[in-house]
Amino acid sequence: MDLNLLHDEYGVDTDLLDLALEVEEEITPEWKHLKKIASVNHLKVLTAFKQLQVSSHHLLGSTGYGYGDVGRETLDALYAKVFRAEKALVRGHFVSGTHAISSCLFGVLRPGDELLSVTGTPYDTLQKVIGLKGNVKGTLRDWGIIYKQVDLTPGGEPDYPAIAQAINKNTRVVALQRSAGYQWRKALDIDTIAQIIRQVKTINSELICFVDNCYGEFVEEREPSEVGADLVAGSLIKNPGGGLAPTGGYVVGRADLIEQVAAALTAPGLGSDVGATLDMNRVLFQGLFLAPLVVREALKSAVFAARLFSRLGYEVLPAYNSPRADIVQGVLLGDREKVRLFCQGIQEASPVDARVTPVPWNMPGYQDEVIMAGGTFIQGSSIELSADAPMRPPYAVYVQGGLSFDYAKIALLCAAQKIRQTKG
Ligand SMILES: *Cc1c(COP(=O)(O)O)cnc(C)c1O
């Protein structure tokens, strides 16, 4: 790294640069572990490409109804194979991860059914889908679907006895969220997800276990669908899109459920057989192919951030040397102004829109004001380096992504420099 350029162009103090070198040294053992996970996932992905005989004509798209789009069909089969699921629905027609998740819930729940979240309050945007917050029409609640929730224990573990107690004859979907979202808790690892699903299935094997997999893909060697999840959803502008997918979401799981989700996304009777892919197939294939690599870079960036900011005296979650179950790194700044400055630092070191100053705003779907930094090639993509925070106590910032570690390191140092400008 040209330390002088970082100092001259970005104003990073030389003691921070020295610290960065030490931190990089300290995280070397973690790096070895991340490389192993990426190798396993690369092998999984490549093998799926090979077994499905992905060919150049699959990379072309379709228009109009998109009938007989073999590229789309092969991409679905590829996701199904990689995630060890019966079927997949990978579509640019999902406008976001929220839309993919919402389609799952509307697809399989019926009036009178109960949805049980066993990982506490769901991600902000889903609270509106359920009808918990805000004056929104067309929510699950409007359709007569009952919502119940079991919180995690104060230690962030599943509350097994409470889960057993909450399940009743109306329960139809049990929902798990792998990543922590804007909550100060650790992400759920695959072993824990497996254990929850085992317990739920012991109580009633008919229950549908749904996992919000956002930010979790390729972080471990297995996915929730490999440990019994019936339906798993996520965003393509996060991990599995590999930084190339321009938009979209995916759902993998049991074949009969995927068809119900497809009916909710398109129309009953049309299901998964329609939908023009335009020019998107190639980047969705290539993005999945690169995803294990990109996730590895993002994880290395998160580990670096964890160690850097803990060395600077901030509480971080997870610790740099703890196992990871998602790509998100929480840094507890404890101060509104520091959150703003941190985001400003990330933004100023971005490849796109570096001149922009991020400010808190009322994002659609969110309850509190949210500040987001991310000078990304794909708008709002958070597999590209990004930092965001709801403007509420405890004033934690969540940083994730980074298509390249070396870039993320520069931006994180800029953020560290910025928050030095304030006392508190
Ligand atoms: C990102 C995310 C979502 C979906 O968010 P979108 O911005 O709609 O893609 C849902 N749950 C969690 C935990 C997430 O991190």
Which number in (1) among the small types (Gly, Ala, Ser); (2) within 16 Å of the ligand (Cβ to nearest atom); (3) touching a strand residue (DSSP E or B) at 6+ places or on another chain (Cβ under 7 Å) marks the one condition that SER179 misses?
(3)
So which of VAL294, VAL316 ends up being β-branched (Val, Ile, Thr), open to solvent by less than 30 Å² (accessible area, probe 1.4 Å) and out of contact with any helix residue (DSSP H, G or I) (no Cβ under 6 Å at 6 or more places or on another chain)?
VAL294
Subset of region 178-199 (residues that are open to solvent by 50 Å² or more (accessible area, probe 1.4 Å) and either assigned to a loop (DSSP other than H, G, I, E, B) or polar (S, T, N, Q) (or both)):
GLN183, TRP184, LYS186, ASP189, GLN195
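Pick out the one residue from VAL252, VAL283 that is β-branched (Val, Ile, Thr), within 16 Å of the ligand (Cβ to nearest atom) and either assigned to a helix (DSSP H, G or I) or open to solvent by less than 10 Å² (accessible area, probe 1.4 Å) (or both).
VAL252
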Determine if region 79-100 includes at least one residue that is farther than 27 Å from ARG222 by Cα, out of contact with any His (no Cβ under 6 Å at 6 or more places or on another chain) and among the hydroxyl-bearing types (Ser, Thr, Tyr).
no
Quick one: how many residues across region 260-275 are closer than 17 Å to HIS99 by Cα, part of a helix (DSSP H, G or I) and out of contact with any Gly (no Cβ under 7 Å at 6 or more places or on another chain)?
3
Keeping to region 134-174, report how many residues are assigned to a loop (DSSP other than H, G, I, E, B), of a type in the set (Lys, Arg) and more than 29 Å from ASP368 (Cα to Cα).
1
State the number of residues belonging to region 255-270 that are in contact (Cβ under 8 Å) with a residue 60 or more places away in the chain and open to solvent by less than 40 Å² (accessible area, probe 1.4 Å).
7
It is to be established whether one or more residues within region 70-89 are over 30 Å from LEU284 (Cβ atoms), in contact (Cβ under 8 Å) with a residue 24 or more places away in the chain, in the same structural domain as SER55 (by the TED database) and assigned to a loop (DSSP other than H, G, I, E, B).
no
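Return yes when THR202 is within 16 Å of the ligand (Cβ to nearest atom), closer than 20 Å to LEU231 by Cα, of a type in the set (Ser, Thr, Tyr) and open to solvent by 10 Å² or more (accessible area, probe 1.4 Å) and no when it is not.
Criteria not met by THR202.
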Does any residue of region 115-133 turn out to be open to solvent by less than 20 Å² (accessible area, probe 1.4 Å), more than 14 Å from the ligand (Cβ to nearest atom), assigned to a strand (DSSP E or B) and farther than 25 Å from GLY380 by Cβ?
yes
Looking at (1) in a loop (DSSP other than H, G, I, E, B); (2) aliphatic (A, V, I, L, M); (3) buried (at least 18 other Cβ atoms within 10 Å of the Cβ), can you tell me which one LEU308 breaks?
(1)
Please give the number of the condition ALA187 fails out of (1) within 22 Å of the chain's Cα centre (by Cα); (2) away from the ligand (no atom under 12 Å from the Cβ).
(2)
Residue, nearest to LEU265 (Cα to Cα), within region 81-109, restricted to residues that are more than 16 Å from the ligand (Cβ to nearest atom) and open to solvent by less than 10 Å² (accessible area, probe 1.4 Å)
GLY107
Residue check: is ALA187 assigned by the TED database to the domain that holds TYR123, in contact with a Ser or Thr (Cβ under 9 Å, 6 or more places away or on another chain) and small (Gly, Ala, Ser)?
yes
Scanning region 42-59 residue by residue, those among the polar types (S, T, N, Q), within 19 Å of THR277 (Cβ to Cβ) and in a helix (DSSP H, G or I) turn out to be SER56
Considering only region 150-175, state which residues are open to solvent by less than 30 Å² (accessible area, probe 1.4 Å) and closer than 10 Å to LEU116 by Cβ.
VAL150, ILE163, ALA166, ILE167, THR171, VAL173, VAL174, ALA175
Can you tell me which residue among LEU257, LEU299, LEU290, LEU278 is in contact with a Leu (Cβ under 7 Å, 6 or more places away or on another chain), more than 21 Å from SER382 (Cβ to Cβ) and either of a type outside the set (Ser, Thr, Tyr) or in a strand (DSSP E or B) (or both)?
LEU257
The residue that is least open to solvent (accessible area, probe 1.4 Å), considering only those in region 3-24 that are of a type in the set (Asp, Glu) and part of a helix (DSSP H, G or I), is GLU24
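Being small (Gly, Ala, Ser), within 11 Å of the ligand (Cβ to nearest atom) and open to solvent by less than 30 Å² (accessible area, probe 1.4 Å) is the filter here, so list the residues in region 350-400 that pass it.
GLY365, SER381, SER382, SER386
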Quick one: how many residues across region 25-53 are of a type in the set (Gly, Ala, Ser) and open to solvent by 50 Å² or more (accessible area, probe 1.4 Å)?
1
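The values are calculated or read from the model by the stated rules, or taken from the named source; none is laboratory data. This structure is a prediction, so every number in the text was calculated from the model and none was measured. Cβ: placed from backbone, ideal geometry, glycine included. Neighbour counts: every protein chain shown. Note: accessible area is taken over every heavy atom of the protein model, side chains too, but ligands, DNA and RNA are not part of it. Shrake-Rupley method; radii C 1.70, N 1.55, O 1.52, S 1.80 Å.
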